[in-house]
Every structure is written in C-alpha cells, then in structure tokens.
Amino acid sequence: MALGLTALLAAGGTAAVKATGSSAPGHTPAPAAVIASHNAPLTSEESRKAARIAIEQATSGRKATGNGREENAAGAAGAELLDTHRPPRATSKAAAPDGEAEVQLYDYASDSLITRRVDLRSGKVLATERRHGVQPPPSLAEARQAVKIVLADRRLGPGMRASYASATKKKLTSPAQLKLQGMAFLAARADGVEGARQVSRCGAHRCIQLFVRVPGGKWIDTSRIVIDLSARRAAVIGL
C-alpha cells in the first residue's frame, strides 16, 4: 500500500521497480562485460581494498599534480563508489590476473563515470577511463543523499516527514530509517510533460528517482520527484 502524499505536491502512485541505469542520448552504454564478474568474484576484503586504492590514490595524485579534486555525492573529496568487480577475462588468463580489480566511480566534480583498474598486490592504479553521459544505477549512498536533498526542500521535506510519521508514529530524522530503491533518470523521460525544463540537464547531470518504503511495508509516494544530485536540488514533474 502506498501512502498518498497530498502534502508532497500530490504526487502520483508508485510501484517498486528494479534499479536500472541509463545512458544519455548519443552515448553508447557500457558493454555488459564491463559490469560482469567472472566465476571468482572479489571477496569483501578485496572489494574494500580496491575501492580504497581507486579513491585514495587518485585523490592524493590529483593533489600532487594540482588537478581539480574528484567529489562524491555529498561534495566531499573522492569520487562516489558505485561498484567493484573482477576485470572481464579474455582468452589469455594473463590479461586479467586475479590480483586486479575494476572499480566504477562517479565524479560529481566533472560529472563523469570513472572506471579504474587497480592492482591489489601493489596498491596502484593501472588505468583510468572517464565517460560522460553514462548513468549506472545509483548506490545506496547516493539514494540516501537524494533523501537528504528532498528533506531539505521546503516544499517536499514536510510531506515526506508527515508521511513517515503517519505510517510509523515516529519522526524521520535520517535516510537510514527508510528502505530505498533508485533508478537513473534522463531528461528524455520528461519530454512534453510539465516541469520538463527543470530536469533538462539530467543525463549530463546525475539524476535519480527514488522508491521509498517505510518499516511495515508501506510506500511513500515519490514518483513525480526527480533529484538532481549534481546540482543538489529536487524537482517535481508531471509524469
């Protein structure tokens, strides 16, 4: 059952969907092999190490060279972590040794998707690729940052808090209290609808829609809200 959000600008009904990523018009999505792991996935420890190498070494390297810093969704130093996995195996086993990992990040300072190949043994970044206009599914950290943006919005925050209080009899003080799903949003999805100009940068910017559930299984209706994480603002459109 979804909670009606009259206070949240009377948004329409929503249903749970599987998180999906999108590429902006004119951009070719990453091939499936880029996001697939082979039969020996990274361990939790390897994933943490790969992410640390990809973020921290790049951050320190850019400081040393005077290049602009990479930023995560909250505006802090270091690109936003999206995924870690083994590099796709080629016919030659040496092409993707088990000591290597690929890390996908989103840099909010340049609005670019970064793929870094790292060596887990040496702790070095081996290669970096940047692409613009490619929008993979949002991470949980990004979804929680999007909730913070909605809660800070004077039009939308009170409605979300009221809906949560109605369902739980408690105050909503943190995004961690919500069960979140998200999907990337592109401007083309709003063509011809009211509010389309507010989301015209989505695709070049990192924009998402949220599907918000409260304890007990009820949904908070956010189907008409688009959060531009790059610009740190929310818009209501007439989908």
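Data table
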{"read-out": "Given (1) within 28 Å of residue 49 (Cα to Cα); (2) β-branched (Val, Ile, Thr); (3) part of a helix (DSSP H, G or I), number of the condition residue 128 does not satisfy", "value": "(3)"}
{"read-out": "The lone exception for residue 128 - which of (1) open to solvent by 20 Å² or more (accessible area, probe 1.4 Å); (2) touching a helix residue (DSSP H, G or I) at 6+ places or on another chain (Cβ under 8 Å); (3) closer than 30 Å to residue 218 by Cβ it fails", "value": "(3)"}
{"read-out": "Residue check for residue 133: open to solvent by less than 40 Å² (accessible area, probe 1.4 Å) and touching a His at 6+ places or on another chain (Cβ under 8 Å)", "value": "yes"}
{"read-out": "Filter result for residue 165 (in a helix (DSSP H, G or I), open to solvent by 10 Å² or more (accessible area, probe 1.4 Å), among the aliphatic types (A, V, I, L, M) and under 18 Å from residue 111 (Cα atoms))", "value": "no"}
{"read-out": "Test: residue in segment 169-185 that is in a loop (DSSP other than H, G, I, E, B), basic (Lys, Arg), modelled with pLDDT of 95 or more and surrounded by 14 or more Cβ atoms within 10 Å (Cβ to Cβ)", "value": "no"}
{"read-out": "Any chance residue 158 is farther than 29 Å from residue 78 by Cβ, open to solvent by 20 Å² or more (accessible area, probe 1.4 Å) and at pLDDT 95 or above", "value": "yes"}
{"read-out": "Residue satisfying all of: in segment 53-98; in a helix (DSSP H, G or I) and of a type in the set (Lys, Arg); modelled with the lowest pLDDT among these", "value": "93"}
{"read-out": "Output for segment 186-224, where each listed residue is outside any loop (DSSP other than H, G, I, E, B), surrounded by fewer than 19 Cβ atoms within 10 Å (Cβ to Cβ) and small (Gly, Ala, Ser)", "value": "188, 196"}
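The values are calculated or read from the model by the stated rules, or taken from the named source; none is laboratory data. All of these numbers come straight from a predicted model, not from anything done at the bench. Heads up, the Cβs are rebuilt from the backbone with ideal geometry, glycines too, and the neighbour counts pull from every protein chain shown. Each accessible area value is taken on the protein alone, full model and side chains, heavy atoms only, with ligands, DNA and RNA left out. Shrake-Rupley method; radii C 1.70, N 1.55, O 1.52, S 1.80 Å.
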